[in-house]
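Each reported figure results from applying straightforward, stated rules to the coordinates on display, with no laboratory input. What you see is a predicted model; the values in this text were computed from it and never measured. Using ideal geometry, Cβ is built from the backbone for each residue, glycine included, and neighbour counts are taken over all protein chains shown.
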């Protein structure tokens, strides 16, 4: 039985053990911890979190490094991971496609190379542990030196086993594994950090992919009931209306009021995972249940940081904590990801590397997946062989208040990638919609957000994120903000052009 307190103390006071030799300095290691469907509101160090949320180890990581306002890594599981593996936005990822029973997918490694292979050829030992949702080919032996992978696309029948017995491939050899997956993944990751299954003479990159807190959001037995008495306020627009916002919000409404006045979940179209709609789970109970999945990950963060300290690698390891995307918890009436709003899309982002990354700071900027990849290359001193879409974030790691003029681009093109995006938009743009949400591109800069939908007939949205953090007032038609709208349209067009987006995605120049 483990507790929040004991794990927090492990992080703060783990002594160096003679059983594990201190490793010599070399190129920096990179540890990327990747949660699944995690709202920033479930992380205690984020001011938007519920006051009862307890994440002592993730919070300690933020105190030792920089907490970013957030990250826009992808609209849902697959494009987020595809962007992390390529350094490209979905419109630039060739050959990736859904094929076969959900979540089956495929890609051509020659047209869609994953950058860990280049790190391998540059002297890094690369590893991936946990969930995989990007093609049936998980890349062992090509992209990864070491891999324990739950390959959902390859085994659709086991694709819903986020919290149960999983079919895993250990360096290509498949076998069944019992136990709570988050705990299993942490154990294997800690072993790797301590030197198991890797060459100690090489720097390493480890991508730890948790399946929590993805639906059906089943907490570990030791954490069930942790928040049973927690008070959960309802978002102001839980049941609508949404004046000035797109009509599709009526189709994605995932909650209803019973005759007894209770707010309960309805269907939100999930094919695998979420059971709340079918069970009619009450809103507050669902929020508590989702949050109770986080402590297992938080404990894992504590164990990993302790292992880094114990082995003398703490100051030489860039640690990143984030999630593939956010997940709306009633905001805008939703219980899903993919929509362009912060509640759905924005995930937590914390970085730490004592002596290199500033300590105990907050960065108000938001970044995207290609930015993280560009930063990995910069830290590793490896020159990318492909033209990455991102920008090196190192200046913000050192000085979170540094002048940063770059807009943050993010997008949603359903399950389409590369040339298929342009083809659909040219031939059948009215069907640029997936899971009831129209395709879009969006840009965030200077605390403002512009959303431009790619499906014809869906109006733009403009939000002042500093004064309207919940994105309730669409200012696109307000003449007072015409100049801001023009600037953001220009920034969006420039970012799409810079990343070689097809012309059909790029907004035409408009006059106020």
Would you work out the relative contact order for segment 408-505, in percent, from Cα pairs under 8 angstrom that are 6 or more residues apart?
24
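Please give the contour-minus-distance gain from residue 427 to residue 191: 0.36 nm per residue of separation, less the Cα-Cα distance, rounded to one decimal in nm. Numbers along the way, then the final one.
Working: separation 236, 0.36 × 236 = 84.96 nm, distance 5.09 nm.
Between residue 427 and residue 191, full extension yields 79.9 nm more.
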May I ask you to compute the full-extension gain from residue 258 to residue 506, defined as 0.36 nm times their residue separation minus their alpha-carbon distance, rounded to one decimal in nm?
84.9 nm
Have a look at segment 251-366 and give its Rg and Dmax from the Cα atoms, expressed in angstrom.
18.6, 60
14 Å cut-off, amide nitrogen to a point 7 angstrom out along residue 497 Cα→Cβ, residues in segment 419-441:
none
Cβ-Cβ FRET estimate between residue 469 and residue 229, R0 fixed at 45 Å, reported to 0.05:
0.95
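Do the sum for the chain: with -39,500 (n - 2.57) for every DSSP H run of n ≥ 4, divided by all residues, what is the mean residue ellipticity at 222 nm, to the nearest 500 deg cm²/dmol? Don't jump to the answer; show the numbers that get you there.
On the way: 13 runs with 124 residues, N = 512.
Calculated at 222 nm, the ellipticity per residue is -7000 deg cm²/dmol.
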With no solvent and one point per C-alpha, what does the Debye sum give as log10 I(q)/I(0) for segment 192-250 at q = 0.18, 0.22, 0.27 Å⁻¹?
-0.90, -1.00, -1.09
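What ranking do 425-438, 57-70, 489-502 get when scored by the average of other Cβ atoms within 10 Å per residue, highest first? Walk me through the numbers before you get to the answer.
Details: 425-438: 16.4, 57-70: 23.1, 489-502: 18.0.
For the peptides 425-438, 57-70, 489-502, the packing ranking is 57-70, 489-502, 425-438.
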According to a simple spin-label model (label point 7 Å from Cα along Cα-to-Cβ), what is the distance in nm between residue 99 and residue 202?
2.9
Here, residue 405 and residue 121, labelled 7 Å along Cα→Cβ, have an inter-label distance in nm of 3.5
Using Cα-Cα distances under 8 Å and only pairs 6 or more residues apart, what relative contact order does the chain have, in percent?
23
Over the Cα atoms, compute the radius of gyration (one decimal) and Dmax (the largest Cα-Cα distance, rounded to a whole number) for segment 408-505, in Å.
13.7, 39
Using a simple spin-label model with points 7 Å from Cα along the Cα→Cβ vector, what separation in nm is obtained for residue 279 and residue 378?
4.4
Kindly give the semi-axes, whole Å and largest first, of the ellipsoid equivalent to segment 146-267, taking each as the square root of 5 times a Cα gyration tensor eigenvalue.
39, 18, 16
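In what sequence, highest mean first, do 188-196, 130-138 appear when ranked by Cβ atoms within 10 angstrom? Don't skip to the end; give the middle numbers.
Working: 188-196: 18.8, 130-138: 23.6.
The densest-packed peptide leads the list: 130-138, 188-196.
If packing is taken as the average count of other Cβ atoms within 10 Å, what order do 386-394, 448-456 fall into, highest mean first?
Numbers: 386-394: 18.8, 448-456: 21.1.
Going from most to least packed, we get 448-456, 386-394.
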The Rg/Rh figure for segment 323-386, Cα atoms and Kirkwood Rh, to two decimals is 1.08
